[in-house]
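Here is the structure we will look at.
The values are calculated or read from the model by the stated rules, or taken from the named source; none is laboratory data. Every value quoted in this text rests on a predicted model; they were computed, and no experiment measured them. Because the Cβ atoms are built from the backbone with ideal geometry, glycine has one as well, and the counts that use them run over all protein chains shown.
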């Protein structure tokens, strides 16, 4: 792999684009380690902008989102909240949630604590893998705030309503193994191997038929909220038939 890094230690978000056999993988790293990557105004602005910039690069086929050790993201910097930089003021127009919509999949590589706003950022990824040192908590109730980036929507989809309510109402911290058992993360990795494992998964995505990757991802977004209903099956079947017709026309045009 060839590294094409445009990051400096002065940036609150680092970007490292790595070339693979199929395309590039963008590694985006939250970089306020002295503050456990807590979200201040600069980071809240830079993260979605950096994600969108990487997504706009036609050579990028997957994005890995992680944090500079020792944390993934410890939530909102309460010094900014106390000075008027309240959660919600940094939500960009045009989309809901912690991260903007992207063309390519986003893998969350959770290297440490993902707390409150940091948990919401993690939930905005397509799926999560975790270091053995990862920790997760929703402390909105503890600090007198409410979720505004989809936590009460996405967390129950992953771990169930009762466990999501338990996390939010108690503010308890769960460890990486518990997060795996509950379905919040898809696997737990030794800390030193986290980024390497994330790259392997990103390369597997990159090696697939990219238009199919985008279409399947969009299909999940469309049908997941419908649950196990006739509407969900109808939507998937309609999309599949339309896709088959489109692919058939493309193949006929190439012969």
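Structure above, values below:
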item	result
Residues located in the stretch 190-200, provided they are touching a strand residue (DSSP E or B) at 6+ places or on another chain (Cβ under 8 Å) and surrounded by fewer than 12 Cβ atoms within 10 Å (Cβ to Cβ)	190
The stretch 179-200: number of residues that are part of a helix (DSSP H, G or I) and closer than 30 Å to residue 243 by Cβ	3
Hits in the stretch 201-219 (condition: part of a helix (DSSP H, G or I) and loosely packed, with under 11 Cβ neighbours inside 10 Å)	none
Leading residue by the ranking (surrounded by the fewest Cβ atoms within 10 Å (Cβ to Cβ)) among those in the stretch 143-184 that are more than 20 Å from the chain's Cα centre (by Cα) and at positive phi	144
The stretch 122-142, residues that are in contact with a strand residue (DSSP E or B) (Cβ under 6 Å, 6 or more places away or on another chain) and either part of a helix (DSSP H, G or I) or modelled with pLDDT under 95 (or both)	122
Residue list for the stretch 10-56, filter: part of a strand (DSSP E or B) and over 14 Å from the mean Cα position of the chain (by Cα)	13, 14, 15, 16, 17, 18, 19, 24, 25, 39
